[in-house]
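Worksheet: one structure, shown below.
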Amino acid sequence: MNPLVSAEAGAGARDAATALSVNVNKVALLRNTRALGVPSVVRAATLALQAGAQGITVHPRPDGRHIREHDVIELAELLRQWPSAEYNIEGNPLQNLMLFVRAQRPQQATFVPDGESQSTSDHGWDLAADGARLRPLIDECHALGVRVSLFMDADASAMPAARAVGADRVELYTEPYAAAFGGPEQSRELIRFAAAARAAQAAGLGVNAGHDLNRLNLGEFLRAVPGVLEVSIGHALVADALEQGIPATVAEYLRCIRSAQA
């Protein structure tokens, strides 16, 4: 049974092991600098899955600067050979995300409020402004059998609204914690994230996390923040893999997770 799919909010979720979903965007970014087709996104994803990763994440942006349409299709074909793993497609549903969700029906769609000109995601949804537009798209995902996670800032007060628009999970935007790691604000950030996670769970939401998590800061985060079902890690993991290789790097991240939850 896939822990990404089977574990949801509630007491069971709080006891579930955290799953690792490997974001392969940066593999595609490197490949796109030459017209040679290497490195292979599918090969990288295969190595990650063989090493024990429980899922693959992609974030196809409208400008195609990294993951492209053919990657989304080829990875969907790959994931069909790994029934215990999860395919997570993330992006802005008000831009191009829903085209991929309708065509591929991944296990999870992560709604991210990034603009087309952003280099990377840098904030969560403002549901007071966007909730009404998101609700019918969340309903459509559910009709397709796709779970929806909303990319959210670590604001405990916003979690009931995420549930009210129909989300199944939230993905906590962890860059503020990563930026504070090792400094005087680290403890304050961890308290804030833990409170947001508990509020999400109290509202009936599962909790994911991602953005700038790495093998140095991941353990502290998981020890402090309860019930994280999934972490999505790309940039740092791919950077580490340049030195250690994908299998060894994935194994190291899995060790970080197991150590934090021992």
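The values are calculated or read from the model by the stated rules, or taken from the named source; none is laboratory data. Since the model is a prediction, treat every value here as computed from it, not as a measurement. Because the Cβ atoms are built from the backbone with ideal geometry, glycine has one as well, and the counts that use them run over all protein chains shown.
Things to note:
- Where a residue in the stretch 43-69 is closer than 19 Å to Thr110 by Cβ and modelled with pLDDT under 95 and its partner, wherever it lies, is part of a loop (DSSP other than H, G, I, E, B) and charged (D, E, K, R), with Cβ under 6 Å and at least six apart: Pro62/Glu116
- For first residues located in the stretch 99-114 and touching a residue at least 40 places away in the same chain (Cβ under 8 Å), partners that are acidic (Asp, Glu) and lie 6+ apart or on another chain with Cβ distances below 7 Å form the pairs Gln107/Glu86; Gln108/Glu86; Thr110/Glu90; Thr110/Glu171; Val112/Glu90.
- Count of the stretch 128-152 residues which are farther than 18 Å from Gly91 by Cβ and touching a residue at least 40 places away in the same chain (Cβ under 8 Å): 1
- Of note, Gln50 satisfies the criterion of being surrounded by fewer than 17 Cβ atoms within 10 Å (Cβ to Cβ) and under 18 Å from Ser232 (Cα atoms).
- Ala128 of a type in the set (A, V, I, L, M, F, W, C) and surrounded by 16 or more Cβ atoms within 10 Å (Cβ to Cβ): no
- Conditions (1) outside any helix (DSSP H, G or I); (2) surrounded by fewer than 21 Cβ atoms within 10 Å (Cβ to Cβ); (3) at pLDDT 95 or above; number of the one not met by Asp240: (1)
- Filter pass, Ala158 being at pLDDT 95 or above, buried (at least 17 other Cβ atoms within 10 Å of the Cβ) and over 21 Å from Ser232 (Cα atoms): yes
- The residue of the stretch 51-90 that is nearest to the chain's Cα centre (by Cα), among those that are of a type in the set (Gly, Ala, Ser) and not in a helix (DSSP H, G or I), is Gly55.
Matching residues to (1) among the acidic types (Asp, Glu); (2) within 14 Å of the chain's Cα centre (by Cα):
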site: Asn92; (1), (2): no, yes
site: Arg102; (1), (2): no, no
site: Leu127; (1), (2): no, no
site: Gly145; (1), (2): no, no
site: Asp155; (1), (2): yes, no
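- The stretch 202-228: number of residues that are closer than 16 Å to Asn23 by Cα and either buried (at least 18 other Cβ atoms within 10 Å of the Cβ) or without any contact (Cβ under 8 Å) to a residue 40 or more places away in the chain (or both): 8
- Qualifying residue in the stretch 147-164 (condition: within 11 Å of Gln108 (Cα to Cα) and in contact with a helix residue (DSSP H, G or I) (Cβ under 6 Å, 6 or more places away or on another chain)): yes
- Residue within the stretch 77-90 that is buried (at least 18 other Cβ atoms within 10 Å of the Cβ), aromatic (Phe, Trp, Tyr) and within 21 Å of Leu229 (Cβ to Cβ) present: yes
- Each residue in the stretch 1-36 was checked for being at pLDDT 95 or above and in a loop (DSSP other than H, G, I, E, B), and 6 of them qualify.
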